[in-house]
Amino acid sequence: MRIVGRTPHPTALNAARRARELDALADGGPVDVLVVGGGITGAGIALDAASRGLATVLVEARDLAFGTSRFSSKLVHGGLRYLASGQVAIAHESAVERHLLMTRIAPHLTRPLAQVVPLFAGDGPGRGAYIGVGYALGDVLRVLAGTPRRVLPDPGRVSAADVVRLAPAVRREGLRGGVRGWDGQLFDDARLTVAVARTAAGYGARVLTRVEAVAATGDGARLRDTLTGAELSVRARAVVNATGVWAGRLDPGVRVRPSRGTHLVVDAARLGFSQVSLTAPVPGASGQFVFSVPAPHGRAYIGLTDVDAPGEPPELAHADEREIDELLDVFGAVLAVPLTRADVIGTFSGLRPLLEGHADRPSDLSRRHAVHTASNGVISVVGGKLTTYRRMAQDGVDAAVRHAGLRAGECVTRTLPLVGAWPRGRAAEAAAGAPPRLVRRYGAEARFVAALGDGPAAARGVSAQELEWAVRVEGALTTDDVLDRRTRLGLVAADRDASSAAVASAFARAGVAPA
């Protein structure tokens, strides 16, 4: 399938393209930029470099968004939380990057999300004022970033009746109203990562999953195809390490202090199918909250924790019992009927790649990113957060251009839309004839998804066309790629079990066998 949008080259990623480009890499000369790591940072670096005209290769040992990039809160943060700790620069940077994502880069993958903090009779008169001032400061960031009110409305007080209407599961006893603020929500963080990687491919980057960098220096790397075991050496004028919490494996000079953030998965019916983020302050912790986030497939996420995760980072992080209990206890305080362990149908945990610093709690560490050049020439981009991935990528490519003396164009990613993007407010026009469900997930590409042939559907209404699209266009090579990162059905064991046969059928219709 040839998917061509506003990019110079096709954007579809699939097994055939991977094999073709891997063979060409083995036979070819040096590339300009080799990116190691296929999370949001690595994908962003590949897009920035390729769109500047640099010959770019991205290698990822597993799958796109395999690690931290699929385990976020699915929010596009405007930086409000960073003002409380005096991180004004990163707060402003976050608001600017949120603006770009919601208005230019990925309006089809984002939406405004109301955050509702209920106020109860026993809270004291100062809580509402404190939260209201915080949201007002956040609105100042919105204004400074240039985000219009039609994208993110004004914050303000809401009545008790409005709180109940917006969040039907809220506790009524003693409810005296609430405060509503606004932030951005991603439809799916893994989907954003895939979209960035596909757009990079559309500008000529070779995006190769299941290819591990066994060793790397500033002028190349030894790579191993994890599907076949074959190894090859690649020469590169610049090598950029974007492996997050695992960055120290390629650059021992990088000091990362991982922290774990855990979310619960519950049935959305348990929260009255609310489309807002119901938010509960953490007792005794100023500026920390537990909140719900509307999620696909009739689910909701509740998070999140921020705890130290010392030692060698595992391939996948897992919630511990204390985190689950903490989330249930804090969030239960604002519910009419508190959640129990029986309501938790899944969990997910991600490791934040925080820079080592002097702080008692992980939440106090800076979310600022850094670019580090090792003695062997490897350039590492570490720290940061999902919202600011584009700026991290720009800084990383700038460093690579300077270090290697590359001839490159100016950064253009501030105005470069991702695949499927449409001007905000014109979704129906851009995806005419496609079901609303597909428009929400695929934007302007929804009509192409809908045009695929029929077959068995997966759980929770995920269509055969969506499964086949994941294989033909979105680079899914295995059943887990489809379930865990392209559809997120793998978050709930029952959904995974009910969908495996449909995924196998999608691979068969695409004419390939799952790896």
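Inspect the stretch 452-469 for any residue being among the β-branched types (Val, Ile, Thr), under 23 Å from the mean Cα position of the chain (by Cα) and surrounded by fewer than 24 Cβ atoms within 10 Å (Cβ to Cβ) and give the result as yes or no.
So far as the stretch 452-469 goes, no, none of its residues is among the β-branched types (Val, Ile, Thr), under 23 Å from the mean Cα position of the chain (by Cα) and surrounded by fewer than 24 Cβ atoms within 10 Å (Cβ to Cβ).
Please tell me if residue 248 is outside any helix (DSSP H, G or I), over 30 Å from residue 331 (Cβ atoms) and of a type outside the set (A, V, I, L, M, F, W, C).
It is false that residue 248 is outside any helix (DSSP H, G or I), over 30 Å from residue 331 (Cβ atoms) and of a type outside the set (A, V, I, L, M, F, W, C).
Tally time: how many residues in the stretch 242-262 are in contact with a helix residue (DSSP H, G or I) (Cβ under 8 Å, 6 or more places away or on another chain) and more than 17 Å from residue 312 (Cβ to Cβ)?
Qualifying residue count for the region: 2.
Sort through 258, 283, 294, 310 and tell me the only one that's at pLDDT below 95 and either in the same structural domain as residue 181 (by TED's automatic domain parsing) or in a strand (DSSP E or B) (or both).
Only one candidate qualifies: 258.
Can you report the number of residues in the stretch 336-355 which are over 24 Å from residue 493 (Cα atoms) and either crowded, with 19+ Cβ neighbours inside 10 Å or at pLDDT below 95 (or both)?
Result for the stretch 336-355: 4.
Tally up the residues in the stretch 180-196 that are small (Gly, Ala, Ser) and within 14 Å of residue 152 (Cα to Cα), please.
Qualifying residue count for the region: 2.
Name the single residue that is surrounded by the fewest Cβ atoms within 10 Å (Cβ to Cβ) among those in the stretch 80-101 being under 24 Å from residue 245 (Cβ atoms) and over 16 Å from the mean Cα position of the chain (by Cα).
Selected residue: 89.
Just the residues that are at pLDDT 95 or above, aliphatic (A, V, I, L, M) and either surrounded by fewer than 24 Cβ atoms within 10 Å (Cβ to Cβ) or assigned to a loop (DSSP other than H, G, I, E, B) (or both), please, taken from the stretch 25-60.
25, 31, 54, 55
Conditions: (1) surrounded by 20 or more Cβ atoms within 10 Å (Cβ to Cβ); (2) at pLDDT below 95; (3) of a type in the set (Gly, Ala, Ser). Residue 366 meets all but one. Number of the miss?
The failed condition is (1).
On the given criteria, is residue 457 free of Cβ contacts under 8 Å to residues at least 40 places away in the same chain and either of a type outside the set (Phe, Trp, Tyr) or within 20 Å of residue 188 (Cβ to Cβ) (or both)?
no
Would you be able to tell me the number of residues in the stretch 261-275 that are among the hydrophobic types (A, V, I, L, M, F, W, C) and either at pLDDT below 95 or touching a Lys or Arg at 6+ places or on another chain (Cβ under 8 Å) (or both)?
Final tally of qualifying residues: 3.
Within the set of pairs 6 or more residues apart or between chains, which connect a residue that is on the phi > 0 side of the Ramachandran plot inside the stretch 43-61 to a residue that is among the small types (Gly, Ala, Ser) with Cβ atoms less than 9 Å apart?
Within 9 Å, the pairs are 53/204; 53/408; 53/409.
With the requirement that a residue be part of a loop (DSSP other than H, G, I, E, B) and in contact with a Gly (Cβ under 7 Å, 6 or more places away or on another chain), what does the stretch 466-515 give you?
Within the stretch 466-515, 492 is the sole residue that qualifies.
Report the residue count in the stretch 219-236 for those that are surrounded by fewer than 21 Cβ atoms within 10 Å (Cβ to Cβ) and either in contact with a Cys (Cβ under 8 Å, 6 or more places away or on another chain) or in contact (Cβ under 8 Å) with a residue 24 or more places away in the chain (or both).
7
Only one residue in 472, 485 is more than 19 Å from the chain's Cα centre (by Cα), crowded, with 22+ Cβ neighbours inside 10 Å, in contact (Cβ under 8 Å) with a residue 60 or more places away in the chain and under 23 Å from residue 189 (Cβ atoms), so which one is that?
One residue alone meets the criteria, 472.
Does residue 65 meet the test of being in contact (Cβ under 8 Å) with a residue 12 or more places away in the chain, crowded, with 24+ Cβ neighbours inside 10 Å and assigned to a helix (DSSP H, G or I)?
No, not satisfied.
Considering each of 210, 249, 224, 206 in turn, give the residue that is within 26 Å of residue 413 (Cα to Cα) and out of contact with any His (no Cβ under 7 Å at 6 or more places or on another chain).
Among 210, 249, 224, 206, only 206 is within 26 Å of residue 413 (Cα to Cα) and out of contact with any His (no Cβ under 7 Å at 6 or more places or on another chain).
State all residues of the stretch 416-442 that are at pLDDT 95 or above and under 25 Å from residue 91 (Cα atoms); if no residue qualifies, say none.
Correct list: 416, 417, 418.
Within the stretch 136-143, can one find any residue that is among the acidic types (Asp, Glu) and outside the structural domain of residue 178 (by TED's automatic domain parsing)?
No, every residue in the stretch 136-143 fails to be among the acidic types (Asp, Glu) and outside the structural domain of residue 178 (by TED's automatic domain parsing).
Residues checked against (1) over 30 Å from residue 86 (Cβ atoms); (2) surrounded by fewer than 19 Cβ atoms within 10 Å (Cβ to Cβ):
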position: 140; (1), (2): no, yes
position: 154; (1), (2): no, yes
position: 166; (1), (2): yes, no
position: 176; (1), (2): yes, yes
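Looking at this structure, is residue 33 of a type outside the set (Lys, Arg), assigned by TED's automatic domain parsing to the domain that holds residue 387 and in contact with a Leu (Cβ under 7 Å, 6 or more places away or on another chain)?
Considered against the rule, which asks whether it is of a type outside the set (Lys, Arg), assigned by TED's automatic domain parsing to the domain that holds residue 387 and in contact with a Leu (Cβ under 7 Å, 6 or more places away or on another chain), residue 33 comes out as yes.
For residue 251, only one of the following conditions fails: (1) more than 20 Å from the chain's Cα centre (by Cα); (2) at positive phi; (3) not hydroxyl-bearing (Ser, Thr, Tyr). What is its number?
Only one criterion is unmet by residue 251, namely (2).
The values are calculated or read from the model by the stated rules, or taken from the named source; none is laboratory data. Please read all numbers here as calculations on a predicted model, not as lab measurements. So basically every Cβ, Gly included, is an ideal-geometry build from the backbone, and we count neighbours across all protein chains shown.
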